[in-house]
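So the structure is just underneath, and the comments pick up after that.
Nothing in this text is a laboratory measurement; each read-out follows from the coordinates by a stated rule. Model, not experiment: these values are computed from the prediction. Methodologically, a virtual Cβ is constructed for each residue, glycine included, from the backbone with ideal geometry; neighbour enumeration extends over all protein chains shown.
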Amino acid sequence: MGASRYFAASIKPVSLKFMKVVDHIKQAKSTLFSIEILPPLKGKSIQSIFDGIDPLMEFKPSFVDVTYHREEYLYKKREGGYLEKVSIRKRPGTVGICAAIMNKYHVDAVPHIICGGFSKEETENALIDLHFLGIDNVLALRGDSIKTEPEFVPEPNGHAYAIDLVKQVKQMNHGKYMIDDLVDVAPTNFCIGVAGYPEKHFEAPNMVSDLRHLKAKIDAGAEYIVTQMFFDNAQYFDFVKKCREMDINVPIIPGLKILTTKRQATVLPKIFKIDIPQDMLEQIEKCKTDAEVKEVGIEWCIQQSKQLIKEKVPCLHYYTMGTSETTRRVASQVF
Ligand code: FAD
């Protein structure tokens, strides 16, 4: 009796109101708060994810993005001095983390899906998993090249650009799977976001070319854009203006990163092909310790956030990079 009561209670449906990112934006009366997190390194527990999200829950994130990390190649020394090339994914778990977040916090999770490392069929199957889990948001990306390879190489029978991924998701939303003789097909219901680059994607020959490809992703069915990080709001405003001039009319969510160490002033431009504004750089150069740099970074981000809110951006999306303390300090001054 006790056991069956317990079972009945455990299967009682809970009323959860999950929404698409664009619906969050449509219903919002003011600028929303959202975050991006990274899966933990392989072997770490899900608790490390919760420990990062818990301190930010009081700011009511509308959604939590979870990045996807493709495989890397390592060379392991074997007996006789041979080197063996080993493929390893250091940060697996994106889908599981999304499901865990929705289950624990009742907040929408947005898994990043990438072209790299996936054939079209593997993508289709991954999307079916997400659909079955009730995850109706995805950020569709090409992904970068494997760290040890000079350029992005699509998987055999995989996608070369994010637009191809957008098209595949859109097809599934229309009930079109790769095998066309399926009967009683259940369409998926994904809201698709894509990436945009206020300072241009590094491979694009120029800004116009990059914007045309961005517009193509929207025309193919993407419903909103999340930007690469930027430290100069003028870059974002200029980007939005150029997008609107090209008839890109979807919400453009600014992505913000809090700079915390002196090293990041050179590493972030190298990795993400973005500029550190001269003003900010001068303040960083005056700092004697990283603790001081962190204070500069937090204050900079607070001012950036306040100005963006004043300009009524739809949402502020913070790249937490696995640490919540700095985002918490910014959010407490801004939301
Ligand atoms: P695309 O839109 O495919 O564009 C790539 C380049 O090709 C651009 O220069 C574009 O102008 C050009 N291009 C596009 N279409 C065509 C075409 N048809 N013909 C010729 N050129 C074309 N990476 C990860 O691995 N995992 C993540 O979780 C992740 N999350 C991210 C989140 C955000 C918000 C951002 C901004 C980036 C993220 N990235 C992630 C990095 C991203 O994968 C890289 O920046 C990648 O190099 C480009 O991805 P994309 O989706 O913008 O590609």
Please give the charge dipole size of the stretch 72-203, origin at the Cα centre, charges +1 on K and R Cβ atoms and -1 on D and E Cβ atoms. Round to the nearest 20 debye. 540
I need Tyr75, Tyr105 ordered by Cβ neighbour count within 10 Å, fewest first. Tyr75, Tyr105
For the peptides 305-311, 292-298, what is the packing order when you average, over each peptide's residues, the other Cβ atoms within 10 Å and list the highest mean first? 292-298, 305-311
Placing +1 on each Lys and Arg Cβ and -1 on each Asp and Glu Cβ in the stretch 145-245, then taking the dipole about the Cα centre, the residue among Ile218, Asn157, Phe239 whose Cα reaches farthest towards the positive end is Phe239
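Net charge within 12 Å of Asp65 by Cβ-Cβ distance, Lys/Arg positive one each and Asp/Glu negative one each, not counting Asp65 itself? Kindly include the intermediate steps, with their values, before the conclusion.
Numbers: positive: none; negative: Glu36, Asp108.
Surrounding charge for Asp65 is -2.
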Which of the aspartates and glutamates could a cross-linker span from Lys306 if the Cα-Cα distance has to be under 18 Å and same-chain partners fewer than 8 positions apart are dropped? Asp232, Asp238, Asp279, Glu295
Listed residues Val293, Thr261, Phe272: farthest to the positive end of the dipole of the stretch 256-295 (Cβ charges): Phe272
Are there trypsin sites (Lys or Arg not before Pro) in the stretch 60-146 that DSSP puts in a loop and that have at most 10 other Cβ atoms within 10 Å, and which ones? Arg78
Mean-position separation - Cα centroids, the stretch 281-305 and the stretch 197-218, in angstrom: 30
Which aspartates and glutamates, on any chain, are close to Lys76 with Cα under 15 Å apart, when same-chain ones fewer than 8 places away are left out? Glu84
Using θ = phi - 60° and Karplus 6.51 cos²θ - 1.76 cosθ + 1.60, couplings along the stretch 19-35 (whole Hz; Gly, Pro as x): 9, 7, 4, 5, 6, 4, 5, 4, 7, 6, 9, 8, 4, 7, 10, 8, 9
Could you pull out the pairs from Lys242/Lys288; Lys90/Lys176; Lys217/Lys257; Lys200/Lys312; Lys120/Lys294; Lys241/Lys288 whose alpha carbons sit more than 31 Å apart here? Lys242/Lys288; Lys90/Lys176; Lys120/Lys294; Lys241/Lys288
Please give the net charge around Ile25, taking every other residue with its beta carbon less than 13 angstrom from that of Ile25, where Lys and Arg add +1 and Asp and Glu add -1. +1
Net charge, Gly116 excluded, C-beta distance under 15 Å - Lys, Arg +1, Asp, Glu -1: -2
For the stretch 23-334, size of Cβ-based charge dipole, Lys and Arg +1, Asp and Glu -1, in debye: 600
Starting from the Cα coordinates of the stretch 186-316, work out the convex hull volume and express it per residue in Å³. 125
So who's got an amide H within less than 5 Å of the one on Ile253, skipping anything under 5 residues away but keeping other chains? H placed 1.01 Å off N, in plane. Ile225, Val226, Thr227
FRET efficiency for Leu133 and Lys26, using Cβ-Cβ distance with R0 set to 30 Å, rounded to 0.05: 0.80
Percent antiparallel among DSSP beta bridges with both residues in the chain, to the nearest 5? 20
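Rank the residues Lys257, Lys215, Lys29 as a footprinting-exposure proxy: fewest other Cβ atoms within 10 Å of their Cβ go first. It would help to have the intermediate numbers written out before the result.
Values: Lys257 22, Lys215 16, Lys29 5.
Ranking Lys257, Lys215, Lys29 by Cβ neighbours within 10 Å, fewest first, gives Lys29, Lys215, Lys257.
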Please list the helices of the chain that count as membrane-span-like by this rule: a mean Kyte-Doolittle hydropathy of at least -1.0 together with Cα atoms stretching 15 Å or more along the helix axis, each helix being a complete DSSP H run. 94-105, 120-132, 162-173, 207-219, 290-310
Stokes-Einstein at 25 °C, 0.890 mPa s, Kirkwood radius from Cα pairs: D for the chain in µm² s⁻¹? 114
